[in-house]
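The values are calculated or read from the model by the stated rules, or taken from the named source; none is laboratory data. This is a predicted model, so every value here is computed, not measured. When we count neighbours, we look across all protein chains shown, and the Cβ atoms used for this are built from the backbone with ideal geometry, even at glycine. Note: areas computed on protein heavy atoms with side chains; ligands, DNA, RNA excluded. Shrake-Rupley method; radii C 1.70, N 1.55, O 1.52, S 1.80 Å.
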Amino acid sequence: MLHLLKRHPFSVQAFFRQSLVLTYAFPSDILQPLLPPGLALDTYGEYGFLAIAMVQTERLHPTFLPAALGRDFFLSGYRIFTRLTGCASSLRGLRILRSDTNHRWMVTAGNMLTHYQYRLCQAELSERPGEIEWNIRTPRQEADLRVIAHIGDGPAALPAGSPFLNLKDARRFAGPLPYTFDYEEETHSIIRIQGVRREWLPKSVTVEVLQNTFLRQDPFCRAAPLLANAFFVHDVPYLWKRGIRTQLEPT
């Protein structure tokens, strides 16, 4: 019955001090096999999208505890933009492939209460005038990431070759989305977790991606990485509601 614990059994609050999200476009047929039953790709033209989020998180705590007892940590997450199928209304959300954090307690608690596949990493953040650098190192170099974001005064143009026609369309794939979706194999169900955010004002930024070893793995290595957008936010209160289970039709 351990799978019952992984349903996000209580609401959680946190504060995002700063977050950078890189979204990569891939041909849909590369990403679709990574999704479980009940989920379909959220597409734009012929592309599906993988988002990589880097977040400096503060005061993470269950809502029934005071914020003073919360924990600060770094988090990176690799997520696919999806839609929940078979619903009266199409719900947009994210399917988590992998999560990295620099605190062991988050690995333990996160893997006990979620399906987010937390792993331990080393993370360094360097701030300089007009730019922020993230440097993440993983034990077997399977998800090493080094990125410099240039935080200017105004929004930056989309990366060269982006499939999006404009920044408005690109923001729809900037993350996070209203929901995160988990698949519960034991009951053939989808667990959906609703996120509630305030003061979410993402700004398009120019980035230098100096290393990104996750994209060397199969199936991502089958296509040339195409950076579709990069958005930065800071000082965002965030809440994850308790998970809700949706039973899927028998296959």
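The table that follows gives values for the structure above.
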| quantity | calculated |
| --- | --- |
| Straight-distance crosslink candidates among aspartates and glutamates, where the alpha carbon sits under 17 Å from Lys203 and sequence neighbours closer than 8 are dropped | Glu131, Glu133, Asp153, Asp169, Asp235 |
| Under 17 Å from Lys168, Cα to Cα: aspartates and glutamates that are on another chain or at least 8 residues apart | Asp42 |
| Within-11-Å neighbourhood charge of Ile96 [Cβ basis; K, R +1; D, E -1] | +2 |
| Longest segment of the chain lacking GluC sites (Glu not before Pro) that sit in a DSSP loop with at most 15 other Cβ atoms within 10 Å | 47-141 |
| Spin-label model distance (nm) - Ala224 vs Arg171, 7 Å beyond Cα toward Cβ | 3.1 nm |
| Rounded to the nearest 20 debye, dipole of the range 50-116 from Cβ charges on Lys, Arg, Asp, Glu | 220 debye |
| The range 76-227 - charge dipole about Cα centre, Lys and Arg +1 at Cβ, Asp and Glu -1, debye rounded to 20 | 320 debye |
| Sulfur and carbon atoms: percent of accessible area, the range 111-251 [1.4 Å] | 49 percent |
| Neighbourhood net charge (9 Å Cβ-Cβ; Lys/Arg +1, Asp/Glu -1) for Arg17 | -3 |
| Candidate lysines for bridging to Lys6, where Cα separation is under 25 Å - those fewer than 8 sequence places away on the same chain excluded | Lys241 |
| Charge dipole (the range 18-160, unit charges on Cβ, about Cα centre) - positive-most of Ala149, Gly86, Val21 | Gly86 |
| In the range 96-150, trypsin sites (Lys or Arg not before Pro) in a DSSP loop with at most 16 other beta-carbon atoms within 10 Å | Arg140 |
| Approximate shape of the range 1-155 as ellipsoid semi-axes (Cα gyration tensor, √5λ), whole Å, largest first | 26, 23, 16 |
| Per residue, in Å², the accessible surface of the chain once ligands and nucleic acids are set aside, probe 1.4 Å | 48 Å² |
| Positive-end extreme of charge dipole, the chain - chosen from Ala228, Leu75, Ser189 (charges on Cβ) | Ser189 |
